[in-house]
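For reference, the structure discussed in these notes is given below.
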Amino acid sequence: MNAADAPRSLRRDLALGLSLGLCAFWLMAMAAAAQIVGHELEQIFDAALRQTAERILPLAVIEQANSGEAPATRHISTVGPHREGQITYVLRDRDGRIVLASEDADLAVFAQPLAEGFHNVNDHRVHARFAVSGTYRIEVAEPLSYRREARRETIGFMFLPLLLLLPASLAGIAVFTRARLAPVAALSAEVAGRDASDLSALSTPGLQEELVPIRDAVNRLMTRLARTLEAERGFTANAAHELRTPMAAVLAQTQRLLAEAPEGPLRQRALTIEAELKRLARLAEKLLHLSRAEGGGVLAGADSDVAPILALVGEDFARAGHGGRLRLALPEGGARLRIDPDAFAILARNLIENALTHGDPATPVEVRLSTGGTLTVTNAGPVIPAETLTRLTTRFERAGSRGSGSGLGLAIAAAIARGTGAALTLASPAPGRHDGFEARFTPCAP
């Protein structure tokens, strides 16, 4: 599965969506607030500039009247100790000539007489006002840079809490989504932990109202699946069991016929019937083993030493004429596993029989049991393609082999491994070799 096909995380999507939505909402809210604050600040500054002009104007007029006619512009100290150096002004006469100016007034700002009201001149905000029936006009100027700086500081202080609260909000969203979606993760983990051997009802606690129908639907599905599997296993076991007696009777009669039949075509047909009946008997036995493996009950109540069981299985194959091909290696201290002895015997028998049937008949089959209970069966033979290797634990899968196998041995071994929580690993070529096949049963850690 590539990255494009990987499933998306609901928790991540919720946390990311809520976080981005919150950030976008806050940014839009702060942008709107900044616009409103900027507009209000302009009004406040204009009002302050107008009030300053109203306060300075009568003083400037009185100063000018007391001084009489002056040949040149007179400069006086600026007014306003709290904003020294920010506000400058000039007083003009009826002809627009500057007769009075603050000490640090920039005459470039007051180069031309202005109409009454507010104006922007040379990066300054200027307010002009008339007095004494238009005889005098005062123009008060304030740098726009001062206003921009004040606006930046004000808006900056507005965004400062956002910078502090936004990470805390994002962390809170992440914690909240994780906590509220914890039941979803618990339900997912409980479903993922089930297999064909555990179809009991889900009992995840603390599910929200929207998740309860999902859990109930899964429980109903598993109940139907359990009934179906039970019916299948029951039919398989009953059919195989019921076939054993008639097959044994027919096989006995066929063997008696062989003893009495003379050499010729009749005897050859009887031999063929005997071989097919033996194959059918082995298939019935495999079906019984498969029903036992898939029906559960492969775990024992306590650990037991499985090394003697593997030795007995090896002796059975030796009595059947395969002793020369087996290389059995048992641990000196034994190997204790929490597995039913019969189930382990079935597991070992099927793995060894698979190796004897499909392996190179001229090469021994190596069977090793470690102290930890890992069972490894290795045989020589051609390399099995990877795509075929993944199907070998499927029922009646023989990977194109022409041998006499039933295609159920590895399926039985895989079912026993699942029932005990162990792992059945198939490899071809065998590790450390350029050919062959290896089946490894690795019990779960205690």
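The values are calculated or read from the model by the stated rules, or taken from the named source; none is laboratory data. As the structure is a prediction and not an experimental result, all values here were calculated from the model. As a convention, Cβ positions derive from the backbone with ideal geometry for all residues, glycine included, and neighbour counts pool all protein chains shown. Ligands, DNA and RNA are excluded from the accessible area calculation, which covers all protein heavy atoms including side chains. Shrake-Rupley method; radii C 1.70, N 1.55, O 1.52, S 1.80 Å.
Does Ser169 qualify as being open to solvent by 50 Å² or more (accessible area, probe 1.4 Å) and either more than 28 Å from Arg12 (Cβ to Cβ) or not charged (D, E, K, R) (or both)?
no
What about Ala105, is it in a loop (DSSP other than H, G, I, E, B), touching a strand residue (DSSP E or B) at 6+ places or on another chain (Cβ under 8 Å), surrounded by fewer than 12 Cβ atoms within 10 Å (Cβ to Cβ) and at pLDDT below 85?
no
Return the residues of region 300-310 that are surrounded by fewer than 13 Cβ atoms within 10 Å (Cβ to Cβ) and among the aliphatic types (A, V, I, L, M); say none if nothing qualifies.
Ala302
Which residue pairs have Cβ atoms closer than 7 Å, lie 6 or more positions apart in sequence or on different chains, and pair a first residue in region 250-269 that is open to solvent by 60 Å² or more (accessible area, probe 1.4 Å) with a second residue that is of a type outside the set (A, V, I, L, M, F, W, C)?
Sorted first by the residue in region 250-269, then by its partner, the pairs are Gln255/Glu274.
Among the residues of region 145-161 satisfying the criterion of being in contact (Cβ under 8 Å) with a residue 12 or more places away in the chain and either farther than 15 Å from Ile36 by Cβ or of a type outside the set (Val, Ile, Thr) (or both), which is least open to solvent (accessible area, probe 1.4 Å)?
Looking at the filtered set, the residue picked out is Arg147.
Just one of (1) without any contact (Cβ under 8 Å) to a residue 12 or more places away in the chain; (2) outside any helix (DSSP H, G or I); (3) within 30 Å of Ala33 (Cα to Cα); (4) open to solvent by 60 Å² or more (accessible area, probe 1.4 Å) trips up Val175, so point out which.
The failed condition is (2).
So for region 181-193 (the condition being over 26 Å from Ala24 (Cβ atoms) and not in a helix (DSSP H, G or I)), does at least one residue qualify?
Looking through region 181-193, at least one residue is over 26 Å from Ala24 (Cβ atoms) and not in a helix (DSSP H, G or I).
Take the residues of region 320-352 that are charged (D, E, K, R) and open to solvent by 60 Å² or more (accessible area, probe 1.4 Å): which is farthest from Val306 (Cα to Cα)?
Taking the candidates together, the pick is Arg327.
Mind listing whichever residues of region 396-417 are in contact with a Gly (Cβ under 8 Å, 6 or more places away or on another chain) and either at pLDDT 80 or above or exposed (fewer than 15 other Cβ atoms within 10 Å of the Cβ) (or both)?
Matches in region 396-417: Phe396 only.
Just to verify a result, which residue in region 19-42, among those that are within 22 Å of Leu170 (Cα to Cα) and open to solvent by 90 Å² or more (accessible area, probe 1.4 Å), is modelled with the highest pLDDT?
Among those residues, the one meeting the criterion is Met28.
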